[in-house]
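Only one structure is covered here, and it is reproduced in the block below.
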Amino acid sequence: WNAVEAREKRVDSLVALLWFVALPQELSTEDAVALARSFAAALINRWGCAIDLTVRDTGSQNRVGYLLTTTRRFDGTCLGEQIDFVVNAQTRHNRGIGTSQRSDLLVIRSLWADMVNAALAAAGFSARVDHRSLKDQGFDLIPQSHMGSTVARRTRRGEDMDNKTGSVDRDIYNAKQIMEQPDIIRRLLESRGEPFDAQSARRAIDRFVDDAPLREELYQLVIPECEPP
């Protein structure tokens, strides 16, 4: 990384990209690490960059892969030109790259989803992930914001009112959608290959609503319709 920084001359140069990937809890630690390494290898093959991979597993449904990638190609000896993902529109045109950075990102998200689903299938699990937004999947719900553990704790205690306000608005909106169409939880679980049982329904509701009293109301509405586990 010292060489990476030394390679750049501008003070505002972009020296690295950091990618976060949520590793499925269904997989063993060994399989999850292998999945993260396979994804890193795919990015290296695509861009020719170098990647520093770290996998963090807290044991509390929070297993994450961190991929710190160089923004320049690396041939094993030295750093060369910038990778396709970070170059400007003119350079993309000169290289014959017809897609935008946003299109590249969607391709990478799709690649990750395919690799996760293949790993889940190989391990014998029916659960699946979808790289598309909830809206594109046909679910009118606001996704959970990844605030980090410290901010999340402060928000729950009411100390971080900026985040708390957004959380309340999200809770009200999502609760209203679920109350008006309770089968949205069933459809969401089925689309991900998960069983529609009490445990899965609770977990799904928890992902979209933080407020405890609202959660209880939704449990009472949705869970009686579940199949037994």
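The values are calculated or read from the model by the stated rules, or taken from the named source; none is laboratory data. Because the structure is a prediction, the values reported are computed rather than measured. Cβ coordinates were reconstructed from backbone atoms using ideal geometry, including for glycine residues, and neighbour counts include every protein chain displayed. Accessible surface is based on the protein model in full, side chains and every heavy atom, while ligands, DNA and RNA are left aside. Shrake-Rupley method; radii C 1.70, N 1.55, O 1.52, S 1.80 Å.
Considering only segment 205-224, I want to know if a residue exists there that is under 18 Å from GLY138 (Cα atoms) and surrounded by fewer than 18 Cβ atoms within 10 Å (Cβ to Cβ). Yes, there is a match, as at least one residue in segment 205-224 is under 18 Å from GLY138 (Cα atoms) and surrounded by fewer than 18 Cβ atoms within 10 Å (Cβ to Cβ).
Check PRO143, PRO229 and return the single one that is open to solvent by 80 Å² or more (accessible area, probe 1.4 Å) and at pLDDT below 85.
PRO229
Selection of strands (runs of 3 or more DSSP E) fully inside segment 63-131 by the criterion of at least 3 residues being open to solvent by less than 70 Å² (accessible area, probe 1.4 Å) and aliphatic (A, V, I, L, M) returns 63-70.
Looking only at segment 1-23, filter to residues that are open to solvent by less than 40 Å² (accessible area, probe 1.4 Å) and touching a Phe, Trp or Tyr at 6+ places or on another chain (Cβ under 8 Å); which one of those is nearest to ALA119 (Cα to Cα)? Walk me through how you get there before you give the answer.
From segment 1-23, those open to solvent by less than 40 Å² (accessible area, probe 1.4 Å) are 4, 8, 13, 16-17, 19, 21, 23; that's our starting set.
In the following step, the residues that additionally are touching a Phe, Trp or Tyr at 6+ places or on another chain (Cβ under 8 Å) were identified as 16-17, 19, 21.
Numbers: ALA16: 28, LEU17: 25, TRP19: 19, VAL21: 14 Å.
Looking at the filtered set, the residue picked out is VAL21.
Close Cβ contacts (under 7 Å, 6 or more residues apart or on different chains) running from residues in segment 1-26 that are within 18 Å of LEU53 (Cα to Cα) and of a type in the set (Val, Ile, Thr) to residues that are modelled with pLDDT under 90 and exposed (fewer than 11 other Cβ atoms within 10 Å of the Cβ) are absent. The set of residues in segment 183-228 being aromatic (Phe, Trp, Tyr) and within 21 Å of ASP171 (Cβ to Cβ) consists of PHE208, TYR219.
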